[in-house]
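Let me begin by presenting the structure, written as structure tokens, before commenting on it.
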Amino acid sequence: MPPTSASPSAPTFRRIALLTTALAALLTACASLDDAPINAASDGTGTPAAMTALFPEEGDGETLVGLTFSGGGTRAAAFSFGVLQAFAETDMPGPGGRPGKLIDRVDFVSGVSGGSVTAAYFGLKGRDALADFREKFLLRDAEEDLNTSPLNPGTLMRVYAGGANDRSNLPRWLDRNLFHGATFARLLEKKRPTVWLNASDIANHSPFVFEPDTFRSFCSDLSNLPISEAVAASAAVPVIFAPTSLETFPERCAWEMPRWARWASEHASAPALLKANARALAAYRDPQRMKYIRLLDGGLTDNFGLAGLTIARAAAEAPHAPLSPRQAARLKRAMFLVVNSGRASETEWARTRQGPTVTPLLMAVIDTGIDASVRQGFDAFQLTISRWQQDLVEWRCKLTPAEVVRYVGTTKGWNCRDVKFLSGEVAFDQLPDRREKLQSIATRFVLPKEEVDLLIGAGRDATLANPVFNGFLRTARPTAGPVARHLLGPERGTTRTLTPER
């Protein structure tokens, strides 16, 4: 049939086809992502085991302090920074009664997404992080190198290819402006704190913790990994960022599946979190199933950064683990604070007959999933801490005098029941006068100065007023009065007197 005025001619079809092909080629070129693995192979020896203890042995051993920083972009980073400011203002005598601050007694810090920026920088610099983190990160525009325009065809094609941004964006910005080439070797060589950064393994639907033993399972050495890459992986929100890739090298080293993982794989009664982690470890050892691990935002599976510690305790093969026997015998007071920077969901559509459109609907679905997992994760963590204290008391009360001397140095003044674990949350809703404004702050990596300072002040004030924080201080600081010179036996109310030994 001859062409009509409504039907393009054959040459016109060819021109359209050529133009479409050229445009598609151009957009595909713009859409190429740098998804190269961020790790390298090792022979499985890597970092010495003594450097990977969950809690450092250094210090008097009578207190244990752990912090977890939730996700939430710069909002979370600033609120967590305010918590550290409160710790820096709080007196906590060191060994021998020497003057000190609580910030120097933090043993463990876990971070997710925006919280991982603060966790990593604090782990790297200690109290010196307070001097410049606000200016070097919180007041900077960490989005300046990101592809954010939805009207840019190249950005849309990159989204289609896996994510609008890749390794050339946020990781490089973080390295250039904050971490300056530092690798995990710098974190692992420090006596305290132990730092865990958390992402999500999207193939195994499980939390992924950047810690040495995880990397040994697939024959890679965490110490060589740039900190900036791990922080960016922890904050890789789907679509905005492409997944971060890790390559597995199971053929390069011998590695035996831990007993807890084998048990979790074989028993239906094993905790679901333990089962998921065991399945992931098994997959990392099987290149037919998984040659590349893909990581996205840690908040997808664990927005509080608690899963790793919960798994470590659930997988423990001793009542005191992951504490060493020496730590478990000497410990008197432990505090775990969860710093929650979660914001209120956008629910304008809940007040109208018309339901949410695509974008708010997707955000509501993501928020629903994250909030549900957060509640379950926090409840599980609270139960874990409570049970850990019970197990620790039972273990301590079964020690012989000779074992007490071996671990503590003397039986003088030692009480097997004198150990208390406290856990709680520092959150926006603990500041009623500022809660609504704090919860309305966007999840971005750039915020106005007034919002940054509002968040820092809120983190400081909420911590100093927190009942768990103050309860820990009351019990952990030295008090006047006679020191007990007895050991309580396994049964409550029974006393077993020992002759002091040295």
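Table for the structure above
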quantity: Kirkwood Rh (inverse of mean 1/r, distinct Cα pairs), region 397-473, angstrom; calculated: 16.2
quantity: Unsatisfied cross-links (Cα-Cα over 30 Å) in the set LYS136/LYS291; LYS125/LYS449; LYS101/LYS136; calculated: LYS136/LYS291
quantity: Calculated SAXS-style log₁₀ I(q)/I(0) at q = 0.16, 0.19 Å⁻¹ - region 199-251, Debye, Cα scatterers; calculated: -0.48, -0.68
quantity: Loop-located GluC sites (Glu not before Pro) in region 280-355 whose Cβ has at most 13 other Cβ within 10 Å (DSSP); calculated: GLU317
quantity: Carbon and sulfur %, accessible surface of region 213-263 computed with the full protein complex present, 1.4 Å; calculated: 55
quantity: Taking all pairs of distinct alpha-carbon atoms in region 196-285, Kirkwood radius in angstrom; calculated: 14.0
quantity: Percent of C-alpha pairs per 10 Å bin, region 286-326, short to long; calculated: 23, 29, 34, 14, 0
quantity: Rounded to the nearest 20 debye, dipole of region 140-204 from Cβ charges on Lys, Arg, Asp, Glu; calculated: 380
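The values are calculated or read from the model by the stated rules, or taken from the named source; none is laboratory data. Predicted model, so just to flag it, every value in this text is computed and none were measured. As a convention, Cβ positions derive from the backbone with ideal geometry for all residues, glycine included, and neighbour counts pool all protein chains shown. Side chains included, ligands, DNA and RNA excluded: accessible areas come from the protein's heavy atoms. Shrake-Rupley method; radii C 1.70, N 1.55, O 1.52, S 1.80 Å.
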